[in-house]
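Each remark here refers to the structure printed beneath this line.
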Amino acid sequence: MAVKCESSSPMHATSSGLLQGDNPLHYSLPLAIVQICLVLVLTRVLAYFLRPLRQPRVIAEIIGGILLGPSALGRNQKYLHAIFPPSSLTVLDTLANLGLLFFLFLVGTELDPRSLRRTGKKALGIALAGITLPFVLGIGTSFALRSTIAKGVNQAPFLVFMGVALSITAFPVLARILAELKLLTTDVGRMAMSAAAVNDVAAWILLALAIALSGSGSPIVSLWVLLSGTGFVLLCIVIAPIIFKWMARQCSEGEPVNELYVCATLAIVLAAGFCTDAIGIHALFGAFVVGVLVPKEGPFAGALVEKVEDLVSGLFLPLYFVSSGLKTNVATIQGAQSWGLLVLVIATSCFGKIAGTVCVSLMCKMSVQESLALGFLMNTKGLVELIVLNIGKDKGVLNHQIFAIMVLMALFTTFMTTPLVIATYKPAKMAVTEYKHRTIMRKDKDTSKQLRILTCFHGTRNIPTLINLIEATRGTEKKEGLRVYAMHLLELTERPSAILMVHKARKNGLPLWNKGKVGESNQVIVAFETFGQLSKVSMRPTTAISTMTSMHEDIIASAERKRVSMIILPFHKHIRLDGHFETTRADLRNVNRRVLQHAPCSVGILIDRGLGGASHVSASEVDYTALVLFFGGHDDREALAYGMRVAEHPGITLNVVRFVTDPEVVGPSVHVDIVQDSGPRPGWEDDESFLADLKQKSTGDGSIIFEERIVKDVTETIEAIHAYKKCNLFIVGRMSEGQLVLSFDTKSDCPELGPLGNLLTSHEISTTASVLVVQKYLSQLPEESLYTLKKGDEEEETEI
């Protein structure tokens, strides 16, 4: 069997099994499976350990490839010949390049040619400076390399390859870094994304030039390659949009995309790759060009990305980094001269990119801090850098030593981007003194001033209830009496589709909200815009694109910038048809808890049971009954203040029910030591004063109905609440105070809702009413309130 599988003879695909004496590692399929699994495990583990350093996953993948290659584990020849034998490298490279082909198709879908036409002069100048200076310095460095460790290489292609390698900015990696650092919607973030998009296109053009020049033929052949490539691109620009637009028209919104169209598009990608490979400018170019020409909106584009991205970016793309790692041998960098050249290449790359960007940025009247941050960001390398280096290595333009030097340069420059940007650039924060109204309750009792609310949503599920709640909250007909910031919460992942969202977000921080487009996102913006126009509410759409672990930071930062009085969050569970709640996503609950703990204003958690139905209810048709359950305390007063705002709507009746313990009852059912707590609880006077104002208003037009219920125990309290189950909206405080509340059952899987919120989502109260659980802003939350927020973390750790 060993003789049969030597490197001189081709590998068979599958083995007969260990029991029949075959070693699976001597056959291509089982060996490829082992290689893929090894790569996935190592890169994911490295990505996990690099996450605290806020490094993009490409860093982990490059390091993983180097570790698996001859630089580290590959020093053991037994391992290298067992896991990565020479006879398996053809299969590995084929799989890696096939995955890369489709990944670059996805990268092409991220790039919108129309955005390039909208690029401002400032961004264009920064992009050109960030390309020109490092390109020239790269050519200068190539002379130093040719005279030392690169003797005998073809001069013209070597000069171009070095210039391209030093002038590239990795657009996808840059987008992830900006999103991770919360800089997407800053001036620096928008400028970096615009300049990087221009840089991306220029890099591909220069790479095509470098490949054409690296051919073994005469200059005439290189010229024909360039002309043929240009002709191919022009032909695609004419034909491909016609085909893709026809396919897109056949795909209706809300219906699954026909599999035939997806397969036809993937076949076009492969055919384009074959054509560019036959021309002589690498198969990747064809796939990239097709991706650029695919329509960016509608269900067709979404279906393409959805069906391709996980398999390609998660499974096959890491193989390309291993393929690069197997060609990278750091041991070839020996002696002071080689290490000195490595330092020279890194210094030249950093100086050219950073200095060129900073100089033009300063000329454009950007601050020194912003200019430096922009320079560091534009110095980001990534996958395209590795593609350039690998093509140069395969074409014989780069030898082993220069290849290793350039890979380490790409790794170093990308790794340093995040810490340097964090150290140099801190966006200016608004002075805290400007932030006065942090609650619905106003100390000066002047309710005529504008009320600002930040509402958050993850998808279209909660939009109808959210809009109907805003309608109920708009109060009396006062100009700009209510301003609502509707924040779309989007998770940042390593998927290419996430970068597509980031790319669309760069202009105004409004991802997926472009007028004139068809799709789910358009339905959302149309719904908010229509509501704002009809109800005279100032609607300001915004967004947060971040990981789930840091999403609360975006919400809190936005609330501080907008100086809102309340944040309204969606409950992490949704109602099923049978009336029971089902968890939408567990980590959404963690986002809510962190916001409750650190919010700079009051917070409401909206438990959606379909307030007003599945569509917006116009102001003239609103006929709701809202109910405030009042037991006492800060949160209950804030909930009541919100309820009084709701009561200003002419179509809403507010019932306020105050629960008081029967004085004749001595506390066997109330777990409070009455003897020790003989005086009134703290805040009792504030409750009485606030209720006195309410009682005066309740005697007017009947929009507010006040009732006081004397109850003996918890059972009687629940029965009293059950009598109001036919209302449309419950408004309750998160941490109510008083003897009755202390005796509620505190065992719940959602302690962040508080006792009343848990009761109204339990089976004890069978209702179709939505619930708004309100927490009032306090500079320091009470210990009991903090305990309920941290309790969930302890329970999760116990489960783990």
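The values are calculated or read from the model by the stated rules, or taken from the named source; none is laboratory data. Computed from a predicted structure; not experimentally measured. We place every Cβ from the backbone using ideal geometry, glycine too, and count neighbours over all the protein chains shown. Ligands, DNA and RNA are excluded from the accessible area calculation, which covers all protein heavy atoms including side chains. Shrake-Rupley method; radii C 1.70, N 1.55, O 1.52, S 1.80 Å.
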Under the rule rounded for a/c under 1.5, else prolate if a/b exceeds b/c, else oblate, using alpha carbon gyration tensor axes a ≥ b ≥ c, segment 719-792 is classed as prolate
In a shell of Cβ-Cβ distance under 13 Å around Gln401, excluding Gln401 itself, what net charge do Lys and Arg (+1) and Asp and Glu (-1) give?
+4
Rh (Kirkwood; distinct C-alpha pairs) - the chain, Å:
29.9 Å
Averaging sequence separations of C-alpha pairs under 8 Å and six or more residues apart, then dividing by the length of segment 23-424, give the relative contact order as a whole percent.
29 percent
Distance from the Cα centre of segment 245-323 to that of segment 541-620, in angstrom?
35 Å
Return the carbon/sulfur percentage of the accessible area of the chain, one whole number, probe 1.4 Å, all protein chains in place.
59 percent
Let a ≥ b ≥ c be the square roots of the eigenvalues of the Cα gyration tensor of segment 23-424; is it rounded (a/c under 1.5), or, if not, prolate (a/b larger than b/c) or oblate?
rounded
CD proxy at 222 nm, helix term only [per DSSP H run n ≥ 4: -39500 (n - 2.57); per residue of the chain; nearest 500]
-18000 deg cm²/dmol
Using a/c under 1.5 as the rounded threshold, could you call segment 78-158 rounded, prolate or oblate? The axes a ≥ b ≥ c are square roots of the C-alpha gyration tensor eigenvalues, and prolate needs a/b larger than b/c, oblate otherwise.
oblate
Pairs of Cα atoms under 8 Å, at least six residues apart: use those to get the relative contact order of segment 121-175, whole percent.
45 percent
Lys pairs in segment 23-424, Cα-Cα under 20 Å, at least 8 apart or on separate chains: how many?
18
Specify which residue in the list Gln334, Ala179, Gly286 is farthest towards the positive end of the charge dipole of segment 23-424, using unit charges on the beta carbon of Lys, Arg (+1) and Asp, Glu (-1), about the Cα centre.
Gln334
Which order do peptides 630-642, 339-351, 708-720 fall in by mean Cβ count within 10 Å, highest first?
630-642, 339-351, 708-720
Quick one: what does P(r) look like for segment 321-371 with 10 Å bins over all Cα pairs, in whole %?
22, 27, 26, 20, 6
Averaged per residue, what accessible area in Å² does the chain show with a 1.4 Å probe, protein chains only?
44 Å²
Amide H to amide H, which residues 5 or more places from Arg709 or on other chains are under 5 Å from it, using H placed in the peptide plane?
Arg658, Phe659, Val660
Any idea what the dipole of segment 23-424 comes to, in debye rounded to 20, about its Cα centre with Lys/Arg Cβ at +1 and Asp/Glu Cβ at -1?
840 debye
How high is the relative contact order of the chain, given as a whole-number percent (alpha carbon pairs under 8 Å, six or more residues apart)?
12 percent
Taking the Cα centre of the chain as origin and charging only Cβ (+1 Lys, Arg; -1 Asp, Glu), how large is the dipole, in debye to the nearest 20?
3600 debye
Using the Karplus curve 6.51 cos²θ - 1.76 cosθ + 1.60 with θ = phi - 60°, what ³J(HN,Hα) values do you get for each residue of segment 34-39, in whole Hz, with x for Gly and Pro?
5, 4, 5, 4, 4, 5
Determine, for each peptide in 275-281, 307-313, the mean count of other beta carbons within 10 angstrom over its residues, then list the peptides with the highest first.
275-281, 307-313
Local electrostatic count, Ala472, Cβ distance below 12 Å [Lys/Arg +1, Asp/Glu -1]
-1
Can you find, among Thr473, Ser252, Tyr777, the residue sitting farthest towards the positive end of the charge dipole of the chain, where Lys and Arg contribute +1 and Asp and Glu -1 at Cβ?
Ser252
Of Ser147, Leu98, Ala127, which is farthest on the positive side of the dipole of segment 80-150, counting Cα position, with +1 on Lys and Arg Cβ, -1 on Asp and Glu Cβ, and the Cα centre as origin?
Ala127
Report the extension gain between Ile239 and Ala144 in nm, rounded to one decimal, defined as 0.36 nm multiplied by the number of residues separating them, less their alpha carbon distance.
29.6 nm
Beta bridges by DSSP in the chain, antiparallel share as percent, to the nearest 5:
15 percent
